[in-house]
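Quick notes on the structure that follows.
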Amino acid sequence: MYMPNADIRARLEATVDPEAGAIPMFVYTDPDVYRLELENLFGRTWLYVAHESELPEAGSFVVRRMGEQSVIVGRGDDETVRVFLNSCRHRGMRLANEDFGCTEMWRCPYHGFTYGSKGEFLGTLIGAPYERQAYPEGLDKEALHLIEARVESYRGMIFATWNLDGPSLDEFLGNVRWYLDIVLGRAEMEVVGVPQKWIVPSGWKLPSENFCADAYHTATAHSFLARLKLVEGVDFGRDGYHVDPGGGHGLGIGVHDPAEGSYFPDSLEAEYARNLDAEQLGLLHRVKNFHGNVFPNLSFLIPNFIPMGDQLVSGMMLRLWQPIGPDKLEVWSWHLVERDAPAQWKRLARKMYVQTFGVSGMFDQDDTENWEAQTLNSNTALTRPDEVMLHYAMGISAAPLDDFPGPGAAYDGKFSEAAGRTFYRTWLDALLARGAA
Amino acid sequence: MSAGLAVDLETRLAVSDFLIAEAAALDERRFEDWLELFTDDVEYVAPVRVTRRSGTPDIVDEITYFDENKQSLGLRVKRLLTDVAWAEDPPSMTRRFVSNIRITPGDGELAVKNNLLLFRSRGDSGAYDLIVGEREDALREEGGELRICRRRAVIDQAALGTKNLGVFL
């Protein structure tokens with residue numbers, strides 16, 4: 001049944017059926033859907049903006065995006081991290097035009113309006129040049145305070161939202177926190193350098209759902225691994241657990257035989273044991289790979305451990321799939337490592353990250369290929385008289401494990417799209433402004 | 001060495017011919033030949049470029065787009081030669097232009113800065129990417145042949161406008 005976009009909400013309501021494993025292709029890139037996403041999703045939900053290690057001292061700031069909006073994430077002179085719309089209250093000019101830096105105040109390069117590190121308009125003389133002559137009636141300092149987002153953090157991950165009275169970050173993350181503890185909370189982590197950034201002609205949901213709920217593609221898209229004998233068969237994609245923690249988040253954990261012992265550095269074991277409970281630590285010791293997505297567009301990955309010399313190594317990362325249009329995104333990819341890891345481990349982990357992931361990564365290359373071609377097909381699906389429905393039913397009748405230690409619905413084996421169905425349910429409810437996003 | 005020239009003409013021509021031949025090996029997808037042009041102890045990196053205020057460094061070496069040695073370059077080449085290297089199969093059409101060669105002789109090595117203009121098109125959309133930057137190479141003679149023992153390729157973009165670096169710099 002063809003439904004024109006005149007009523008995009010009705011079309012979404014009639015065609016998107018996550019619980020049946022049915023998603024229409026047009027939603028990947030439809031401009032009307034994208035408009036709704038920017039307003040009802042990116043304008044409302046919690047969004048990852050930075051890792052605490054990127055803001056080492058008072059005055060440190062990085063420039064990031066929430067949806068398409070540029071924001072300044074800055075550590076104030078009181079050490080508190082705040083997030084401001086990167087926009088002068090006078091004429092909307094950008095205050096920070098660099099990727100990162102350290103400053104006591106932001107001075108607008110257009111008319112000189114100046115703001116302190118807490119977002120406060122600095123008032124007479126400092127705030128606006130010739131203020132007494134130009135504004136003899138005075139300026140309302142309060143009204144000129146920078147537009148500020150709500151900020152909360154979890155395990156070093158800083159999130160912000162424009163929804164000032166919605167759910168807390170803890171409520172929003174819910175069950176996925178238990179898993180983020182293992183990925184990012186097991187030790188004090190640090191960002192290595194800066195994010196790699198590159199532009200991919202793909203809708204933002206395609207990579208998000210890939211990290212959330214697609215372990216199945218690895219055997220085909222990344223079959224070079226087996227072809228070059230870096231791994232055996234499809235086990236690296238299948239053995240382990242798929243987890244639907246709820247809330248639109250999703251993850252997969254690849255595990256190895258516990259008899260092999262932990263793949264992580266021995267010297268960090270005490271720190272891991274301090275930060276994780278016994279169940280989390282037990283799982284960490286079996287991790288071979290660990291991928292997932294925090295709704296809507298923050299992905300994390302401990303890639304498959306691959307031998308480098310006589311050592312098994314993996315280089316972990318955080319990813320933002322930053323939308324810059326209905327069918328285009330900017331990838332931001334950060335490499336993180338345990339701050340107290342041995343120097344040799346850090347060196348090898350970084351090498352492994354760059355060689356396997358990131359813009360030149362042998363895995364990432366193949367993924368961008370898929371997302372671009374899906375995007376091209378989605379764009380043409382907009383004009384078809386029939387709705388092109390896609391298949392999201394893998395694992396739809398599987399029952400979750402009842403003895404898995406972590407929260408949420410965990411499934412035996414990674415081949416399931418359960419969390420992908422919840423991703424689209426959460427997404428649909430947010431777009432139609434039903435329930436909390 | 002001729003008066004007034006830091007590097008003699010013969011060396012200049014040899015370096016220029018070498019870099020042009022290297023570019024041809026890549027554009028013609030003769031990857032195994034290309035790999036032979038590197039010494040066994042080669043370091044091949046491409047630092048990340050960032051947008052900073054004037055007067056602050058805009059190159060970050062702490063994290064890179066490539067972080068390779070001979071073995072990992074070899075693995076990338078092996079991958080390209082499989083029938084499952086989807087990102088480059090069908091392959092990009094590439095054309096590399098190498099210019100502005102500046103040679104400084106050193107201790108058993110030649111420091112060779114050169115500009116790279118890499119044209120890349122793929123598929124039938126008519127679109128193309130330009131990957132542009134400076135390569136800081138170090139060349140050494142081995143068995144009477146010039147070989148690359150270090151390459152640091154600095155790309156002139158803070159957000160790369162190409163969907164992947166499935167091509168070598």
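Working note: 222 nm ellipticity from helices only, DSSP H runs with n ≥ 4, each -39,500 (n - 2.57), summed and divided by the residues of chain A, gives -7000 deg cm²/dmol to the nearest 500.
For the stretch B:1-119, which whole-number percentage of the solvent-accessible area (1.4 Å probe, protein heavy atoms only) is attributable to carbon and sulfur atoms? On the stretch B:1-119, the fraction of accessible area on carbon and sulfur atoms equals 53 percent. The 1.4 Å probe gives accessible areas that order B:Ser54, A:Ser360, largest first, as B:Ser54, A:Ser360. Rounded to the nearest 100, the interface formed by chains B and A buries 3300 square angstrom of accessible surface, both chains summed, with a 1.4 Å probe.
For the stretch B:123-169, a reduction of at least 40 Å² in accessible area between the chain on its own and the assembled protein chains (probe 1.4 Å) is found at B:Ala159, B:Leu160, B:Lys163, B:Asn164.
Of the trypsin sites (Lys or Arg not before Pro) found in the stretch A:133-214, those that fall in a DSSP loop while having at most 15 other beta-carbon atoms within 10 Å are A:Lys141. At the residue level, A:Asp367 shows approximately 0 square angstrom of accessible surface with a 1.4 angstrom probe and all protein chains present.
If we count GluC sites (Glu not before Pro) as exposed when they sit in a DSSP loop and have at most 13 other beta carbons within 10 Å, what is the longest stretch of chain B that avoids them all? Within chain B, the longest run free of exposed GluC sites (Glu not before Pro) spans B:37-169. Within a straight-line Cα-Cα reach of under 17 Å, A:Lys229 can be paired with the following aspartates and glutamates, leaving aside sequence neighbours fewer than 8 residues apart in one chain: A:Asp310, B:Asp83. In whole percents, the pair-distance distribution calculated for the stretch A:63-210 from its alpha-carbon pairs, binned every 5 Å from zero, is 2, 8, 14, 17, 18, 15, 11, 7, 4, 3, 1, 0. From helices alone, chain B scores -6500 deg cm²/dmol at 222 nm; the rule is -39500 (n - 2.57) for each run of n ≥ 4 DSSP H residues, then divide by the residue total.
For the cross-link pairs A:Lys288/A:Lys351; A:Lys346/B:Lys163; A:Lys351/A:Lys414; A:Lys197/A:Lys328; B:Lys78/B:Lys163, the ones whose C-alpha atoms lie over 24 Å apart are A:Lys346/B:Lys163; A:Lys351/A:Lys414. When the P(r) is computed for the stretch A:175-431, the part past 30 Å accounts for 24% of the Cα-Cα pairs.
Compared with the dominant principal axis of the Cα atoms in chain B, helix B:70-80 is inclined by about 40°.
Considering every alpha-carbon pair of the stretch A:139-218, the percent of pairs per 10 Å bin, from zero through the bin containing the longest distance, is 12, 27, 40, 15, 5, 1. Taking 14 Å as the straight-line reach from the Cα of B:Lys113, the aspartates and glutamates in range (excluding those fewer than 8 positions away in the same chain) are B:Glu134, B:Glu136, B:Asp137. Ordered from highest to lowest accessible area with the whole protein assembly present and a 1.4 Å probe, B:Ile63, A:Ile324 read as A:Ile324, B:Ile63.
Heavy-atom accessible surface of A:Ser397, to the nearest 10 Å², is about 110 Å², with a 1.4 Å probe and all protein chains retained.
The phi torsions of the stretch A:373-385, fed into the Karplus equation with coefficients 6.51, -1.76 and 1.60 and a -60° offset, translate into couplings of 5, 4, 5, 4, 5, 4, 4, 7, 5, 4, 9, 6, x Hz, rounded to whole numbers, with Gly and Pro shown as x. Per q in 0.20, 0.22 1/Å, what log10 I(q)/I(0) does a Debye calculation on the alpha-carbon atoms of the stretch A:4-114 return? Each listed q corresponds, in turn, to -1.01, -1.16. Along the axis of the charge dipole computed for chain A (Cβ charges of +1 for Lys and Arg, -1 for Asp and Glu, origin at the Cα centre), the listed residues A:Val200, A:Phe363, A:Pro265 are led at the positive end by A:Val200. Rg and Dmax, both from the Cα atoms of the stretch A:169-254 and both in Å, are 15.6, 44. In this structure, the amide hydrogen of A:Ser60, modeled 1.01 Å from its nitrogen in the peptide plane, lies closer than 5 angstrom to those of A:Arg75, A:Thr103, counting only residues at least 5 positions away or on a different chain. Taken one residue at a time, the phi angles of the stretch A:84-100 give Karplus couplings (6.51, -1.76, 1.60, θ = phi - 60°) of 10, 4, 7, 8, 5, 6, 7, 9, x, 6, 6, 8, 10, 10, 10, 6, 6 Hz. Gly and Pro are set to x. Largest GNM mean-square fluctuation among B:Gly133, B:Gly144, B:Gly123, using chain B with Cα springs under 10 Å: B:Gly144. Value of Rg to Rh for chain B, rounded to two decimals, is 0.97; Kirkwood radius and Rg both from alpha-carbon coordinates. Springs join every pair of Cα atoms under 10 Å in this Gaussian network model of chain A, and among A:Thr29, A:Thr383, A:Thr45 the largest mean-square fluctuation is at A:Thr383. Once a ≥ b ≥ c are taken as the square roots of the eigenvalues of the Cα gyration tensor of the stretch A:234-302, is the result rounded (a/c under 1.5), prolate (a/b larger than b/c) or oblate (a/b not larger than b/c)? Here the stretch A:234-302 falls in the oblate category. Leaving out ligands, DNA and RNA, and with a 1.4 Å probe, what % of the accessible surface on the stretch A:175-431 is carbon or sulfur? Taking all protein chains in place, the stretch A:175-431 shows 51 percent carbon and sulfur surface.
For the protein assembly as shown, the solvent-accessible area with a 1.4 angstrom probe is 41 square angstrom per residue. In loop segments of the stretch A:329-397 as defined by DSSP, there are no trypsin sites (Lys or Arg not before Pro) with at most 10 further C-beta atoms inside 10 Å of their C-beta. For trypsin sites (Lys or Arg not before Pro), the sites in the stretch A:38-119 that DSSP calls loop and that have at most 11 other Cβ atoms within 10 Å are A:Arg91. Within the straight-line cut-off of under 17 Å between alpha carbons, the lysines reachable from A:Lys118 are A:Lys141, sequence neighbours fewer than 8 places apart in one chain being disregarded.
The residues A:Met105, A:Met394, sorted by heavy-atom accessible surface at 1.4 Å with ligands and nucleic acids left out, run A:Met105, A:Met394 from largest to smallest.
No disulfide-compatible partner, judged by a Cβ distance under 4.7 Å, exists for the following cysteines of chain A: A:Cys102, A:Cys212. Over the Cα atoms of the protein assembly as shown, the radius of gyration divided by the Kirkwood radius equals 0.99; this is the Rg/Rh ratio.
The values are calculated or read from the model by the stated rules, or taken from the named source; none is laboratory data. It should be emphasised that the depicted structure is a prediction, and the values quoted were computed from it without experimental measurement. When we count neighbours, we look across all protein chains shown, and the Cβ atoms used for this are built from the backbone with ideal geometry, even at glycine. Just the protein is used for accessible areas: all its heavy atoms, side chains included, with ligands, DNA and RNA removed. Shrake-Rupley method; radii C 1.70, N 1.55, O 1.52, S 1.80 Å.
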